[in-house]
Amino acid sequence: MTLELDHVAVLGETLEEAAAHAEAALGCPMLPGGVHPRYGTHNRLLGLGEGLYIEAIAIDPAAPPPDHARWFGLDDFSGPARLDKWVCHVPDMTKALEALPMAGTPVQLARGNLRWLMAVPEDGHLPYDGLFPALIEWQSPVPPGSALPAAGPRLERLIVAHPEAEALEALLAPHLDAPLVSFETAPRPGLRAELTTPHGRRVLQ
């Protein structure tokens, strides 16, 4: 059972703030995404090539609030937009959750031609202050990372910083196959993506 990097997510109090934060950092416009009725959220996307992409996501003010916690801890998100989540795809969600039950419970989701399983904790909050990777199993032949046009930026490194980074790295090490991901012990949790773009080297955090 392996975890491979699928995408990273910029959260915002509004989708406009989340998208603007990513666009300002990378110098590229985000593309339209869609809505997620089960969680009352909506998104925009940006292809990074090599099967990777960036998602800007926020609560959709036009959607009725769900009767359960939203994913990615969005119910409690506040402050400036920021790179806040990383998502890994797995070939078999059942086996993934046997190995890493703290990732949540599987939820079947669909939008247009896309079908996927997502592991979501009951309270919406991932472990390690939200820096445990969200797990996804794509059930569509062409996931977004492969379907989105490459916009120019390329991910060079994703740094997962946390006071307990060593423990998180050790927990994931038997399963994680993501050479671009590194772990860094730091007093405050956070993500930092280092990318090359047509405008030079950029950092998204």
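We did not get these values from a lab; they are worked out from the coordinates using the rules stated. Keep in mind it's a predicted model, so treat the numbers as computed, not measured. Every residue, glycine as well, gets a Cβ built from its backbone with ideal geometry; the counts of neighbours run over all protein chains shown.
A compact table of results
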| read-out | value |
| --- | --- |
| Neighbour-count order for Ser78, Ser140, fewest beta carbons within 10 angstrom listed first | Ser78, Ser140 |
| Antiparallel bridges, percent of DSSP beta bridges restricted to the chain (to nearest 5) | 75 |
| Correct choice for Rg/Rh (Cα atoms, Kirkwood Rh) that was computed from the model, options [x] 0.95; [y] 0.92; [z] 0.99 | [y] |
| Ranked Met30, Met1, Met102, criterion: other C-beta atoms within 10 Å, fewest first | Met102, Met1, Met30 |
| Choice from Leu74, Leu114, Leu45 showing the highest fluctuation, given a GNM over the chain with Cα pairs closer than 10 Å | Leu114 |
| Difference of contour (0.36 nm per residue) and Cα-Cα distance, Asp76 to Ser146 | 22.1 nm |
| Positive-end extreme of charge dipole, the chain - chosen from Gly200, Leu3, Pro127 (charges on Cβ) | Gly200 |
| Spatial separation of Cα centroids for segment 185-201 and segment 110-127, in angstrom | 25 |
| Structure-based [θ]222 nm, the chain - -39500 (n - 2.57) summed over DSSP H runs of at least 4, per residue, nearest 500 | -4000 deg cm²/dmol |
| Where labels lie 7 Å past Cα in the beta-carbon direction, separation of Ser182 and Val203 in nm | 1.3 |
| Calculated from backbone phi, Karplus (6.51, -1.76, 1.60) coupling profile of segment 156-163 in Hz, x at Gly/Pro | 9, 7, 10, 9, 9, 9, 6, x |
| Simple Cβ-charge dipole of segment 4-204, Lys/Arg +1 and Asp/Glu -1, about Cα centre, in debye nearest 20 | 560 |
| Under-5 Å amide H pairs with Arg70, H placed in peptide plane, nonlocal only | Asp75 |
| Charge context of Pro163, other residues only, Cβ under 12 angstrom, K/R +1, D/E -1 | -3 |
| For the chain, built as a Gaussian network whose Cα springs stay under 10 Å, the top-fluctuating residue of Ala178, Ala170, Ala19 | Ala170 |
| Relative contact order (%) - the chain, alpha-carbon pairs under 8 angstrom, separation at least six | 24 |
| Fluctuation leader among Ala96, Ala165, Ala24 - the chain, Gaussian network, Cα springs under 10 angstrom | Ala24 |
